Amino acid sequence: MLKRVHFQSSILPYLLVAPQIVITLVFFIWPASQAVYQSFLIEDAFGLSTEFVWFENFEYLFGDELYLDSFLRTLFFSAAVAFMSMSFALILAGFADRVVRGATTYRTLLIWPYAVAPVLAGALWVFMFNPTLGIFPYFLGFLGYDWNHYLNGNQAMLLVIMAAAWKQVAYNFLFYLAAMQAIPRSIIEAGAIDGARPLRRFWTLIFPLVSPTTFFLLVINAVYAFFDTFGIIHAVTQGGPANSTTILVYKVFNDGFVGLDLGGSAAQSVILMFLVIVMTFIQFRYIENKVEY
Amino acid sequence: MALRTLLLATTALTLGANSASAQTEIQWWHAMGGTNGERVDKIATDFNATQTEYKVVPVYKGNYTETMTAAIAAFRAGQQPHLVQVFEVGTATMMAAKGAIYPVEQLMADAGEPFDKSDYLPAVISYYQTPEGELLSMPFNSSTPVMWYNADALEAAGVEPPKTWDDVKTAAKALVDNGMACGLSFGWQSWVMVENFSSWHNLPMGTKENGFAGFDTEFTFNNDQVINRLADIASMGADKQFVYGGRRGDSLPLFTNGECGMWMNSSAYYGSIKSQATFNFGQTMLPLDTDVADAPQNSIIGGATLWALAGHEDEEYKGLAKFLTYMSSADVQAWWHQETGYVPITKAAAELSKSQGFYEANPGTDTAIKQLSLNEPTPNSRGIRFGNFVQVRDVINEEMEALWGGEKTAKEAMDTAVKRGNELLRRFERSVK
């Protein structure tokens with residue numbers, strides 16, 4: 001009752017948030033709710049015959065060995081991409097942090113891969129590693145190593161991991177470099193005066209000091225590997241051979257757009273949606289708050 | 001759902017660009033990119049020039065899968081084109097969509113357009129008929145797998161082009177012994193090594209006449225004949241007499257680079273091989289497995305047909321009927337056949353190509369037609385009609401890859417493929433109920 005006296009209600013704040021709300025509703029909430037609805041249906045492609053089946057699509061998925069395989073594969077893929085791209089970025093940033101002359105050039109060059117579209121990044125690797133025409137299989141041939149990622153699932157997996165990680169190195173590099181440059185010089189100098197060599201300074205001072213960045217990048221890279229690598233996989237392996245590079249997002253596309261199984265595909269996207277919610281929650285709840293050094 | 005919304009939006013945007021004009025417009029969505037796309041444009045332009053009432057507008061919508069998905073999304077939004085090109089494995093999905101499609105034979109009859117099915121090559125149109133014999137869609141680009149060979153390499157190795165699988169093995173060994181990097185490779189392996197291997201030897205691939213007689217069909221291609229053949233090929237992989245080069249046409253460079261001496265794939269690769277190969281090449285019929293049959297039956301086609309979609313004005317369908325008549329005329333078909341390597345869809349077009357001396361000038365280019373019309377098609381060899389077949393092909397691809405990679409035996413691979421395939425068939429049966 002008292003409040004009403006103090007604050008005049010105004011329509012303005014509502015108007016100000018309205019565009020944001022409308023955009024969220026139209027472009028996020030509505031499609032998402034459609035996906036949830038569709039995941040309860042078994043329907044033919046043309047939408048001529050529809051059956052409401054509650055959770056049957058989900059039951060089918062969790063009883064499907066291939067889906068569970070794809071789940072584990074995605075976890076492995078994400079972990080590998082995150083580890084590879086972050087460790088490379090960390091090493092490069094470690095060097096770049098010490099560069100005095102030509103630092104801008106060096107940095108600019110390292111940022112380039114980030115500007116490459118995933119499909120193009122994929123195409124580059126396809127050409128380099130084409131078993132028949134590519135330059136790398138040609139060199140590997142001299143070493144007596146037979147490269148054929150059309151046939152060998154592990155090679156195919158390695159290839160998409162490399163392609164996906166390569167593209168992300170630049171992004172991680174930027175963050176690591178910024179984090180390192182934010183470390184007060186006096187700390188490093190103190191370490192140097194105490195007689196720590198560069199490598200030791202890196203491990204005992206710099207690495208712990210950039211750990212908030214590491215955790216932040218871990219989430220970002222995991223999300224990237226989960227959801228943004230579709231273009232790379234589509235260009236490089238199309239999920240093959242024998243499903244060995246079919247990660248979850250690729251399976252959503254393949255079942256929905258190629259196989260026209262709309263209900264099953266929607267159920268998979270609902271599961272993915274749930275995963276994003278969980279990951280976002282983890283990031284906000286724990287990582288943003290709890291990382292201390 | 002999200003992807004549907006996205007599709008609708010895209011479709012609406014595409015269609016918004018078309019404006020009305022005095023002529024009756026007929027939208028034709030197709031999946032022919034590159035040079036073949038230009039040829040499609042030419043067919044439409046030429047037809048438009050023959051009359052003033054109708055205007056056929058060809059629109060390229062991406063690859064086969066993308067084109068089909070786009071047409072389906074457009075249908076759901078009530079914006080479907082009049083005519084859409086759909087690949088052969090989408091046939092079951094299309095024909096199950098009663099109310100969405102307009103059977104071509106009925107369309108021709110309703111429009112009063114003369115149409116005689118007996119003009120068409122039986123092996124081509126039998127794939128697209130109902131069990132009662134009604135033609136559902138108009139064949140457009142059809143091909144069939146053949147055996148391509150490197151004539152120079154075979155000669156150097158001292159062997160003849162193979163006729164049987166025993167010949168293939170002898171030739172592959174001779175090629176590798178003579179220093180070739182690989183003897184045999186193939187592409188579109190489900191189509192070539194399972195679907196066509198079955199029809200060529202008059203074996204069923206599934207029950208219910210390969211799905212023609214009902215959606216409650218089940219796969220049976222895990223029979224001994226298919227398994228033995230695949231196991232034998234897998235054993236050739238040990239010393240490179242067989243090399244797997246990927247799905248679809250990915251293995252083409254293996255052949256055109258001169259690494260593999262023999263390559264089994266679509267007859268429609270004629271143009272590509274002709275422009276890329278630096279050696280003398282030839283094509284011959286698919287090899288016969290003498291353990292399975294004494295003589296080949298006939299091969300089945302791949303490629304695509306044109307489906308008319310329901311929901312437009314009668315007047316527009318009249319124009320569409322006229323266009324279909326024009327498109328299947330002997331002149332247009334003979335030209336299309338000779339330019340692309342696809343088989344002609346009518347007997348008249350095949351005759352015309354012959355009388356023009358095309359086959360004499362280009363020996364072997366009639367292999368596909370010969371294979372298709374070798375015998376009157378049987379229920380095992382007139383084609384296949386399985387729901388969710390796009391995914392089933394993926395399943396077969398995956399299992400065959402597991403076989404070539406040595407992770408599974410031929411029996412394990414085919415048994416799993418049949419099991420997984422049957423699950424997909426049941427899901428399809430439910431969705432169209």
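The values are calculated or read from the model by the stated rules, or taken from the named source; none is laboratory data. No experiment lies behind these values; they were computed from the predicted model shown. So basically every Cβ, Gly included, is an ideal-geometry build from the backbone, and we count neighbours across all protein chains shown. All accessible areas refer to the heavy atoms of the entire protein, side chains included, with ligands and DNA or RNA removed. Shrake-Rupley method; radii C 1.70, N 1.55, O 1.52, S 1.80 Å.
Listed values, structure above:
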| read-out | value |
| --- | --- |
| Charge dipole magnitude, Cβ of K and R +1, D and E -1 - chain B, Cα centre, debye nearest 20 | 860 |
| Leading residue at positive end of dipole, the stretch A:69-186 (Cβ point charges), from A:Ala96, A:Val116, A:Tyr171 | A:Ala96 |
| Largest to smallest accessible area among A:Leu177, A:Leu205 [probe 1.4 Å] | A:Leu205, A:Leu177 |
| Computed FRET value (nearest 0.05) for B:Arg248 with B:Asp291, which takes r as the C-beta separation and R₀ as 45 Å | 0.95 |
| Test item: Cα-centred dipole of the protein assembly as shown, Lys/Arg +1 and Asp/Glu -1 on Cβ, debye | 3180 |
| Bridge type composition, chain B - antiparallel percent by DSSP, nearest 5 | 60 |
| Directionally averaged shadow of chain B, computed from the convex hull of its alpha-carbon atoms, nm² | 20.5 |
| Translational diffusion coefficient (Stokes-Einstein; Kirkwood radius from C-alpha pairs) of the protein assembly as shown at 10 °C, 1.306 mPa s, in µm²/s | 56 |
| Residue-averaged beta-carbon neighbours from other chains (10 angstrom radius) around A:249-262 | 5 |
| Selected from B:Phe279, B:Phe219, B:Phe140 as most flexible by GNM, with chain B as the system and alpha-carbon contacts under 10 Å | B:Phe279 |
| GNM top mover of A:Ile161, A:Ile111, A:Ile277 - chain A, alpha-carbon springs below 10 Å | A:Ile277 |
| Considering only the protein assembly as shown, percent of DSSP beta bridges that pair antiparallel, nearest 5 | 65 |
| Separation of the B:Asp224 and A:Leu174 label points, Cα + 7 Å toward Cβ, nm | 6.5 |
| Angle between chain B longest axis and helix B:64-76 axis [Cα atoms, degrees, rounded to 10] | 30 |
| Among B:Pro103, B:Ala73, A:Ala35 - extreme Cα towards positive end, dipole of the protein assembly as shown, charges at beta-carbon | A:Ala35 |
| Shape of the stretch B:194-339, Cα gyration tensor, a/c cut at 1.5 | oblate |
| Kirkwood Rh and Cα Rg combined as Rg over Rh, evaluated for the stretch A:30-172 | 1.13 |
| Helix B:410-431 axis, angle to chain B major axis (alpha carbon atoms, nearest 10°) | 10 |
| Rounded tilt (10° steps) of B:2-16 against the dominant C-alpha axis of chain B | 60 |
| Virtual spin-label span in nm between A:Ala182 and B:Glu412, 7 Å along Cα→Cβ | 5.2 |
| Anisotropy class of the stretch A:205-293 from Cα gyration tensor, a/c 1.5 cut | oblate |
| Cβ-Cβ FRET estimate between B:Glu339 and A:Tyr145, R0 fixed at 51 Å, reported to 0.05 | 0.75 |
| Per-residue SASA entry for A:Arg200, accessible area with 1.4 Å probe, Å² rounded to 10 | 150 |
| B:Ala49/B:Lys98 FRET efficiency (R0 22 Å; Cβ-Cβ; nearest 0.05) | 0.05 |
| Relative contact order of chain B, pairs being alpha-carbon contacts under 8 Å that are 6 or more residues apart, as % | 24 |
| Cα-projected label distance for B:Glu376 with A:Thr108, points at 7 Å along beta-carbon direction, nm | 7.7 |
| Rounded to the nearest 20 debye, dipole of the stretch A:58-290 from Cβ charges on Lys, Arg, Asp, Glu | 1080 |
| Within a Gaussian network of chain A (alpha carbon springs, distance under 10 Å), most fluctuating of A:Ser211, A:Ser70, A:Ser265 | A:Ser211 |
| Alpha carbon convex hull of the stretch B:253-346, projected area averaged over orientations, nm² | 9.5 |
| Given B:Lys61/B:Lys274; B:Lys163/B:Lys370; B:Lys169/B:Lys240; B:Lys61/B:Lys318; B:Lys98/B:Lys433, the pairs whose alpha carbons are separated by over 22 Å | B:Lys61/B:Lys274; B:Lys61/B:Lys318 |
| Alpha-carbon Rg with Dmax, taken over the stretch A:58-290, Å | 20.4, 66 |
| Dipole axis of the protein assembly as shown (+1 Lys, Arg; -1 Asp, Glu on Cβ), positive-most option in A:Gln268, B:Val395, B:Ser328 | A:Gln268 |
